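In what follows, a single structure is set out as structure tokens and then discussed.
A short reminder: the numbers here are calculations on the coordinates, not readings from a lab. This structure is a prediction, so every number in the text was calculated from the model and none was measured. Glycine gets a Cβ as well: all are built from the backbone with ideal geometry, and neighbour counts include every protein chain shown.
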Ligand code: ADP
Ligand code: ZN
């Protein structure tokens, strides 16, 4: 009888780890008991031990199915180093190698065998395995079985047969990303209806998430964000190869050691740049999603999406490459309604079934809803992955500076009506001109439309934000029209609901970071709230501290909250510290900040 006690012993002896982490022990215990299970553990959460240890402890061979068998070489090599008889069979194996592995398999000498789904499902392989005792079958990247997942692989569908082919052998499905729908699909496809489900926390408290609508291509903003993080390492993701090369060059022109990385580069060049990046103290990699596997650099301090990822799954995976060492790191995403339009068009142009397209469209929309929403970003992501009882992270841009929203339903009705009247043939600027009654040389027809000039009380920037919001909500649709985008009505039911006032539209007063001119100022309302708790004298000091912070933030090109949160400034204002030791008592003043800003803050206190 295999027990968790034995498993722990193997964990220590073979793998050298003192204790199981997170949900590992629970998953291992379930499989040791001979029961199938599904485990959704975040990247780096230690999924592989969940099947490696039961493979060793339980009698028989542990089979591991992975779509990326070629990438399993490190895992297999590490197992061999630890004295585990593990092998992998893939199409790249030389015939003699293959024969040797098969002979050892037949002789019962292997503890573990890694296979791709096609490799496993070959009749000859199935016949061989049917003669053997199996400890378990682990299905890695199990979300690939689901059309609802972000990485559907038709090969994976065949794995549903395993349940009949190997009755009584526990199946362990593991993945790092699966929303609720995908998890249900995994269960159904892999015949895991009865299996216990383990969803570990996706919390990454060290990550400080932020998202900003971008103006234009957002390039200047990316350069500003990277420069503000000079002397640290980071990754900037772009949507295209040219974008990666251009941006890397632009960063180098600014004196930042940036390299580009994408699938269009020679294999040798890529390997060389990866190595340079991994070894550097401070380096910036500007990359497409081709840059992903094997980046285990612990001190990546920021991941910036110059163009947004495809879905929340990819978002979390990519952002997750920052802060592996557990130290604070930034995950900043720049997005625009044009990015969404482009993503939707790309999905449309792909060759896949309408159902799969629908899923991808939904996933893209969910991502933009999160980016443009006003819910704690980390909490949104964690709920998306099926976690319950999630609390706000307290460190993302939304938590730190909740966007104020104002009701803009009436204005939205006007904008939708204008788009409707204009027939969906005009771009954003022309629609705004129309609403404001400022069109240069308008046609007679345009002037007679009921929507002509009905929006003069709103600024053009306000209209732009509103139209962007409507685009992001799918109420308007942008047709890229070969570089001369035109805007038409989107989801008809939604539009009707807005006309009737059943669906309210709110306009977000943007986070300071959006707009260079207001970056260091909090929305006025919040300042008043924070100050309400402060007495007259403390309030004056609080204001002085904020003014100091504004200058400091401006100088460093960082958002003010990076220096000190309002909460910290309020505490300092109440403490009125005369020396560093007292200042250190304020929450949010660590030794680093004390060293950097301590004297300056004391000076502000003295002068008030
Ligand atoms: P995943 O496949 O979930 O991304 P891995 O299985 O590759 O994660 O494990 C990630 C890292 O965590 C590895 O370096 C592994 O050695 C380490 N690790 C896994 N489990 C433990 C544990 N119980 N204690 C300490 N380190 C662990
Ligand atoms: Zn948050």
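Put a dot 7 Å past the Cα of residue 193, heading toward its Cβ, do the same for residue 106, and the two dots end up 3.9 nm apart.
Computed over the chain, the per-residue total of -39500 (n - 2.57) for DSSP H runs of n ≥ 4 gives a 222 nm mean residue ellipticity of -13500 deg cm²/dmol, rounded to 500. For a modelled paramagnetic label at residue 388, 7 Å from Cα along Cα-to-Cβ, the residues of the stretch 186-216 in reach, with backbone nitrogen under 14 Å, are 197-200.
Stokes-Einstein diffusion for the chain at 25 °C, viscosity 0.890 mPa s, with a Kirkwood radius from C-alpha pairs, works out to 90 µm²/s. Can you give me the Cα centroid spacing of the stretch 547-608 and the stretch 401-450 in angstrom? Here the answer is 45 Å between Cα centres. Of the beta bridges in the stretch 207-400, as assigned by DSSP with both residues counted there, near 0 percent are antiparallel.
Apply 1/(1 + (r/R0)^6) to the Cβ-Cβ distance of residue 348 and residue 85, taking R0 = 60 Å, and write down the FRET efficiency to the nearest 0.05. Once the sixth-power term is evaluated, E becomes 0.75. Just report the Cα centroid separation between the stretch 265-303 and the stretch 347-376, whole Å. Result: 28 Å between the Cα centres. Computed FRET efficiency, Cβ-Cβ of residue 70 and residue 567, R0 60 Å: what is it to the nearest 0.05? FRET efficiency, residue 70 to residue 567: 0.75.
If the chain linking residue 3 and residue 554 were pulled fully straight, counting 0.36 nm for each residue of separation and taking away their Cα-Cα distance, it would gain 192.4 nm. For the stretch 232-329, a/c is less than 1.5, where a ≥ b ≥ c are the root eigenvalues of the C-alpha gyration tensor. That puts it in the rounded class.
In a fully extended conformation the segment linking residue 269 and residue 461 would gain 64.7 nm over its present Cα-Cα distance, using 0.36 nm per residue. Multiplying the residue separation of residue 325 and residue 448 by 0.36 nm and subtracting their alpha-carbon distance yields 37.9 nm. Quick one: Cα centre-to-centre distance for the stretch 149-198 and the stretch 31-59, in angstrom? Here the two parts' Cα centres lie 14 Å apart. Take the alpha carbon gyration tensor of the stretch 33-180, find the square roots of its eigenvalues, order them as a ≥ b ≥ c, and report rounded if a/c is under 1.5; if not, report prolate when a/b exceeds b/c, else oblate. Rounded shape, in that the Cα axes give a/c under 1.5. Per-peptide packing, taken as the mean over residues of other Cβ atoms within 10 Å, places 155-162, 379-386 in the sequence 379-386, 155-162 from highest down.
The modelled label-to-label distance between residue 92 and residue 290, using points 7 Å beyond Cα along the C-beta direction, is 1.7 nm.
Annotation: the residues 397, 491, sorted from fewest to most other C-beta atoms within 10 Å of their own C-beta, follow the order 491, 397. With neighbour counts taken as other beta-carbon atoms within 10 Å, the residues 399, 376 rank, fewest first, as 399, 376. Remark: 240, 48 ranked as 240, 48, counting other beta-carbon atoms within 10 Å and listing the fewest first. The calculated FRET efficiency for residue 503 paired with residue 254, based on their beta-carbon distance and R0 = 45 Å, is about 0.50. Model label sites at residue 230 and residue 215, defined 7 Å from Cα along the beta-carbon direction, differ in position by 2.4 nm. Report the residues of the stretch 466-509 in range of a label on residue 407: point 7 Å along Cα→C-beta, backbone N strictly under 13 Å from it. Under cut-off, by backbone N: 501-507.
Is the shape of the stretch 207-400 rounded, prolate or oblate, going by the alpha carbon gyration tensor and its root eigenvalues a ≥ b ≥ c, with a/c under 1.5 for rounded and a/b larger than b/c for prolate? It comes out oblate by the Cα gyration axes. Considering only beta bridges that DSSP places wholly inside the chain, some 15 percent are antiparallel.
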